Amino acid sequence: MRAILTVENFASNLVLTFWTPVFVGIFIAILTYALWPRNKAMFDAASRQPLRED
């Protein structure tokens, strides 16, 4: 039986081969930014913002 290239197969292959690594890379970049030691003071200040009385 010969495989027929359908829109679903093409879309699935496109997602698996292109978008998955792109989104994994974006996730790793965001995680690295959030956990970078230089940003700790900024995130600590932002976490206290809702509790601060003006």
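The values are calculated or read from the model by the stated rules, or taken from the named source; none is laboratory data. Source: prediction; values computed, not measured. When we count neighbours, we look across all protein chains shown, and the Cβ atoms used for this are built from the backbone with ideal geometry, even at glycine.
Quick look at the numbers
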item	result
Evaluation of Phe23 against (1) modelled with pLDDT of 85 or more; (2) surrounded by fewer than 10 Cβ atoms within 10 Å (Cβ to Cβ) (one fails), failing number	(2)
Qualifying residue in segment 4-12 (condition: acidic (Asp, Glu) and in a loop (DSSP other than H, G, I, E, B))	no
Cβ-Cβ under 8 Å pairs, at least 6 apart or on other chains, segment 24-44 side without any contact (Cβ under 8 Å) to a residue 60 or more places away in the chain, far side assigned to a helix (DSSP H, G or I) and polar (S, T, N, Q)	Tyr33/Asn39
